[in-house]
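Trainee: Below: one structure in structure tokens.
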Amino acid sequence: MVANRRSKNAAALSAFGGSCGLVGSAHYRTIREGGKRTIFTIGYEKRSGDELISLLLDADVDILVDVREKAMSRKPDFRGSALQARCEEAGIQYEPIPGLGSTEDQRSALRESRDIETFQRRFRKYAKRHCIESLDQLASIAKKKSVALMCYERCHEDCHRTGVAELVADAINASIIAIT
């Protein structure tokens, strides 16, 4: 069954010029066990656009939720409009929710302190106060469709999307799986 899905995904990806050589080597790490819904998280650090799409197809993700404050990147594949076009070509919906991004001040404090635990704790506190509408929007989407939260950092624990995933998973009793 998995082999058939990967074959189908490879065909879908190659239809728009993509390659899926890394699909078979995707690593999934369960972060939290929950009910029947699953929230995936993925970072684009050290990935190509083709690899990201392949991994999303392999995980049967319906919607890629961009949780960056600004959908900008030095890597052209991961700028908002380019990412949206790639997703659409692959049959994946692209949904930016900038209200779930960490702020510039939060990122600056992390760069200075290099204390990810304090950053995570402060971000969760901030999100509970200031991101309620965006968290509700994401929870509504995740109740109905398979979603992957995307930001830059490849390691789930090094990114604010950890807090976003945990807050939404708590609200809808979902599992969290990191695509590494």
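The values are calculated or read from the model by the stated rules, or taken from the named source; none is laboratory data. Just so we're clear, the structure is a prediction, and the values are computed from it rather than from any experiment. Neighbour counts run over all protein chains shown; Cβ positions are idealised from the backbone, glycine included.
Trainee: Confirm whether Leu83 is at pLDDT 95 or above, surrounded by fewer than 22 Cβ atoms within 10 Å (Cβ to Cβ), part of a helix (DSSP H, G or I) and not charged (D, E, K, R). Let's see the steps before the verdict.
Mentor: Values: at pLDDT 95 or above: yes; surrounded by fewer than 22 Cβ atoms within 10 Å (Cβ to Cβ): no; part of a helix (DSSP H, G or I): yes; not charged (D, E, K, R): yes.
It is false that Leu83 is at pLDDT 95 or above, surrounded by fewer than 22 Cβ atoms within 10 Å (Cβ to Cβ), part of a helix (DSSP H, G or I) and not charged (D, E, K, R).
Trainee: Something else about it: Take the conditions farther than 21 Å from Glu33 by Cα and either among the polar types (S, T, N, Q) or surrounded by 21 or more Cβ atoms within 10 Å (Cβ to Cβ) (or both) and apply them to Thr162. Does it pass?
Mentor: no
Trainee: Let me ask something else. Taking Ser19 as the residue in question, decide whether it is at pLDDT below 95 and surrounded by 13 or more Cβ atoms within 10 Å (Cβ to Cβ).
Mentor: Numbers: at pLDDT below 95: yes; surrounded by 13 or more Cβ atoms within 10 Å (Cβ to Cβ): yes.
Yes: the conditions hold for Ser19.
Trainee: Sticking with this structure for a sec: Hey, any hits in the stretch 41-48 for a residue that's of a type in the set (Gly, Ala, Ser), farther than 15 Å from Leu138 by Cβ, touching an Asp or Glu at 6+ places or on another chain (Cβ under 8 Å) and surrounded by 19 or more Cβ atoms within 10 Å (Cβ to Cβ)? Before the answer, list the steps.
Mentor: As a first pass, look at the stretch 41-48 and keep what is of a type in the set (Gly, Ala, Ser): 43, 48.
Imposing the further condition that a residue be farther than 15 Å from Leu138 by Cβ reduces the set to 43, 48.
If we keep only those that are touching an Asp or Glu at 6+ places or on another chain (Cβ under 8 Å) too, we end up with 43, 48.
When the remaining residues are screened for being surrounded by 19 or more Cβ atoms within 10 Å (Cβ to Cβ), the result is 43.
Taking every residue of the stretch 41-48 in turn, at least one turns out to be of a type in the set (Gly, Ala, Ser), farther than 15 Å from Leu138 by Cβ, touching an Asp or Glu at 6+ places or on another chain (Cβ under 8 Å) and surrounded by 19 or more Cβ atoms within 10 Å (Cβ to Cβ).
Trainee: (1) of a type in the set (Gly, Ala, Ser); (2) assigned to a strand (DSSP E or B); (3) in contact with a Cys (Cβ under 7 Å, 6 or more places away or on another chain): which one isn't true of Ala178, the others all being true?
Mentor: Here Ala178 meets the rest and fails (3).
Trainee: Here's a follow-up. Condition first: free of Cβ contacts under 8 Å to residues at least 60 places away in the same chain and under 13 Å from the mean Cα position of the chain (by Cα). Can you find one or more residues in the stretch 137-157 that meet it? Walk me through how you get there before you give the answer.
Mentor: Here is the first cut: in the stretch 137-157, the ones free of Cβ contacts under 8 Å to residues at least 60 places away in the same chain are 137, 139-140, 144, 157.
Filter again for under 13 Å from the mean Cα position of the chain (by Cα), leaving 157.
Checked against the condition, which is being free of Cβ contacts under 8 Å to residues at least 60 places away in the same chain and under 13 Å from the mean Cα position of the chain (by Cα), the stretch 137-157 yields at least one hit.
Trainee: Right, another one. Yes or no: the stretch 121-139 includes at least one residue that is of a type in the set (Asp, Glu), more than 21 Å from Ala59 (Cβ to Cβ) and modelled with pLDDT under 95. Before you say what the answer is, go through the steps one by one.
Mentor: Here is the first cut: in the stretch 121-139, the residues of a type in the set (Asp, Glu) are 133, 136.
With the extra rule that they be more than 21 Å from Ala59 (Cβ to Cβ), the set shrinks to 133, 136.
From what is left, the residues that are modelled with pLDDT under 95 are none.
So far as the stretch 121-139 goes, no, none of its residues is of a type in the set (Asp, Glu), more than 21 Å from Ala59 (Cβ to Cβ) and modelled with pLDDT under 95.
Trainee: Does the stretch 124-138 include one or more residues that are among the charged types (D, E, K, R), in contact with a strand residue (DSSP E or B) (Cβ under 8 Å, 6 or more places away or on another chain) and either surrounded by fewer than 18 Cβ atoms within 10 Å (Cβ to Cβ) or part of a helix (DSSP H, G or I) (or both)?
Mentor: So far as the stretch 124-138 goes, no, none of its residues is among the charged types (D, E, K, R), in contact with a strand residue (DSSP E or B) (Cβ under 8 Å, 6 or more places away or on another chain) and either surrounded by fewer than 18 Cβ atoms within 10 Å (Cβ to Cβ) or part of a helix (DSSP H, G or I) (or both).
Trainee: Exactly one condition in (1) more than 20 Å from Ala71 (Cβ to Cβ); (2) not in a helix (DSSP H, G or I) is false for Tyr94; which is it?
Mentor: Of everything listed in (1) more than 20 Å from Ala71 (Cβ to Cβ); (2) not in a helix (DSSP H, G or I), Tyr94 misses just condition (1).
Trainee: Only one of these conditions is not met by Gln120: (1) in contact (Cβ under 8 Å) with a residue 12 or more places away in the chain; (2) exposed (fewer than 13 other Cβ atoms within 10 Å of the Cβ); (3) under 17 Å from the mean Cα position of the chain (by Cα). Which number is it?
Mentor: Looking at each condition in turn, Gln120 falls short on (2).
Trainee: Checking the conditions here, which among Thr180, Thr103 is in contact with a strand residue (DSSP E or B) (Cβ under 9 Å, 6 or more places away or on another chain), at pLDDT below 95 and surrounded by fewer than 17 Cβ atoms within 10 Å (Cβ to Cβ)?
Mentor: Working: Thr103 fails: in contact with a strand residue (DSSP E or B) (Cβ under 9 Å, 6 or more places away or on another chain).
So the residue among Thr180, Thr103 that is in contact with a strand residue (DSSP E or B) (Cβ under 9 Å, 6 or more places away or on another chain), at pLDDT below 95 and surrounded by fewer than 17 Cβ atoms within 10 Å (Cβ to Cβ) is Thr180.
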